[in-house]
Amino acid sequence: MMAVKASIANTLLGLKKAGSTSCLAPPASSTGLASRSLPPSPCASRKSSLAGGLGISPDLLEGAEPSVAAPLVAGDLDDGLMSRARDTGKFLYKHLEPRERVEKINVMMGKLKNALDAETTSRLELSHNADSMKLTAQSDLRVQALSVLLLHYCAGLQHAQEALDRPKTGKES
């Protein structure tokens, strides 16, 4: 009996704890090529899944100011993001003529509203399932991020419409 216990103890000492290694990738061969029969490393797939942050479509970030878009991509929704979104909205599509600018912002706001509606519906469905608390929390973050983007575009639209109305008031005087 003592021999069995000693054997088990020696076996356990030889095993590493699960998760104690930083990566489960196979060791690199001398030629630098991985075996074709091995699946991809879990580290590689995890890193690629985290790369997208909140999973917001790049189409929805088109034209957004980098100071707003970068934290959204990273999933970093800090306290100052709402103010930055509002304050930098005036720079959206500033290179376009006022009428084109208003049209472009309206198109982007339509896309954002559709994405926000879809995410809200998805979040509602997830909330009915008790097993999906983590997914519900992620959905909440996406709803917040899309709301920040919508605020960003609303501020840009307000600024663009003011710029569009300015020449009219100047001509009437």
Surrounding net charge for residue 92, when Lys and Arg each add one and Asp and Glu each subtract one, Cβ distance under 11 Å: +2
Note down the net charge around residue 142, summing +1 for each Lys or Arg and -1 for each Asp or Glu among other residues with Cβ under 10 Å from its Cβ. -1
Ranked from highest to lowest mean number of other Cβ atoms within 10 Å per residue, what is the order of the peptides 82-92, 129-139? 82-92, 129-139
In nanometres, what is the gap between the two model label sites at residue 70 and residue 118, each 7 Å from Cα along Cα-to-Cβ? 2.8 nm
Largest first and to the nearest Å, give the Cα extent of segment 58-165 along each principal axis. 51, 24, 20
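A short reminder: the numbers here are calculations on the coordinates, not readings from a lab. Note that the structure is predicted; figures quoted are calculated from it, not measured. Counting neighbours? That spans all protein chains shown, and the Cβs are built from the backbone with ideal geometry, glycine included.
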